[in-house]
Amino acid sequence: MATTQPDMIGAQMGSLLFVGCSHVAAFARAGESLKRENPGSKRILAVHLQNPKYLPQIVERATGFGLSDAMEELLTRHMKQGARIVSCAGGNRHNIIGLMRHPCPFDFVLPERPDLPITPDCQLVPSSLIEDFMRRDTRAEKTMLGALKATAPDLVHIESPPPVRDDSFILENADQYFRSRDIQGTGVTPAWIRYKLWKTYSKVIRGYCTELGIGFMPTPQTVMDESGFLLPDARIDATHGNEWYAGKIVHYLEGVMFGEAK
């Protein structure tokens, strides 16, 4: 996946500090745009978990797993300056599992949306099997969320971007991770299957957040089409949101969750 490593340091009262990996890049770009418009603005800050300064991401402590000393110090300092920590950690397991067409095509019925179409010529598997697999495959994400929560008690985690619907756009804009695995030759998983995988992934992550006492922010309708896919205006590549998307998320966080619409 993308390895952009933004690190915008220095908070102010009301700042939102986004912490994550590839999905944090959109918020870094949005923050830089605000700074160009208003050089003193630190409303949107971003830090990449894979920045070498903060590795290893997770360390084992006597009380359990935690963040590296450097990351813990950074987040603590920002919180003392009035920043709120927002996680966009992880967010791509459903793409890694299902963006590319599977050699043994499968589909499943999403329990909360049994009306969604079933793709012909696919093996129908139980949704519980997909959910159990997703849960096993995201243990590291749960560990990261727990470590972030231990440092930032008021942590909020945002849902990962909805899937892009346009197969041709995905093929043209897949990042190196998928290109190196021959997505051009393998093809893209049908859109509704990818949507179901995203919803299942979100259900698993939301469950972790509930268990850990972390606020979970679902994707606002402003960045989705009528079917729940990512709007063309909100995408930058096959799997990530762009600066416009980030601005909509920030507005939703401030206006709906924190009551600070700007």
Next item on the list: Give region 202-233 a look and list any residue that's open to solvent by less than 10 Å² (accessible area, probe 1.4 Å) and among the aromatic types (F, W, Y), or say none.
Entry: F229
Check: What single numbered condition from (1) over 21 Å from D175 (Cβ atoms); (2) touching a Leu at 6+ places or on another chain (Cβ under 9 Å); (3) not in a loop (DSSP other than H, G, I, E, B) fails to hold for I97?
Finding: (1)
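Return a yes/no flag: does region 243-259 have any residue that is in a loop (DSSP other than H, G, I, E, B), aromatic (F, W, Y) and surrounded by fewer than 14 Cβ atoms within 10 Å (Cβ to Cβ). First the steps, then the outcome.
Looking only at region 243-259, we keep the residues that are in a loop (DSSP other than H, G, I, E, B), and these are 258-259.
With aromatic (F, W, Y) added as a condition, the list becomes 258.
Checking the rest, the ones that are also surrounded by fewer than 14 Cβ atoms within 10 Å (Cβ to Cβ) come to 258.
Yes - at least one qualifying residue is present in region 243-259.
Residue check: is A174 touching an Asp or Glu at 6+ places or on another chain (Cβ under 8 Å) and either open to solvent by less than 60 Å² (accessible area, probe 1.4 Å) or more than 27 Å from Q221 (Cβ to Cβ) (or both)? So that I can check it myself, show each step before the final result.
On the way: touching an Asp or Glu at 6+ places or on another chain (Cβ under 8 Å): yes; either open to solvent by less than 60 Å² (accessible area, probe 1.4 Å) or more than 27 Å from Q221 (Cβ to Cβ) (or both): yes.
For A174, the condition - touching an Asp or Glu at 6+ places or on another chain (Cβ under 8 Å) and either open to solvent by less than 60 Å² (accessible area, probe 1.4 Å) or more than 27 Å from Q221 (Cβ to Cβ) (or both) - is met.
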Margin query: Among the listed residues L99, L145, L74, identify the single one that is buried (at least 18 other Cβ atoms within 10 Å of the Cβ) and under 15 Å from S202 (Cα atoms).
Written below: L145
Notebook entry, point to check: Looking at region 128-141, which of its residues are in contact (Cβ under 8 Å) with a residue 40 or more places away in the chain and farther than 15 Å from G20 by Cβ?
Noted result: I130, E131, M134, R135, D137
Check: Which pairs do you get when a residue that is over 14 Å from K149 (Cα atoms), found in region 70-98, comes within reach of a residue that is open to solvent by 20 Å² or more (accessible area, probe 1.4 Å) and among the acidic types (D, E), reach meaning Cβ atoms under 8 angstrom, with the pair 6+ apart or on two chains?
Finding: G90/E141; R93/D137; R93/E141; I97/D137
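The values are calculated or read from the model by the stated rules, or taken from the named source; none is laboratory data. The structure presented is a predicted model; accordingly, all values stated were derived computationally and were not measured. All Cβ positions, glycine included, derive from the backbone under ideal geometry; neighbour counts span all protein chains shown. What goes into the accessible areas is simple: the full protein's heavy atoms, side chains included, and nothing from ligands, DNA or RNA. Shrake-Rupley method; radii C 1.70, N 1.55, O 1.52, S 1.80 Å.
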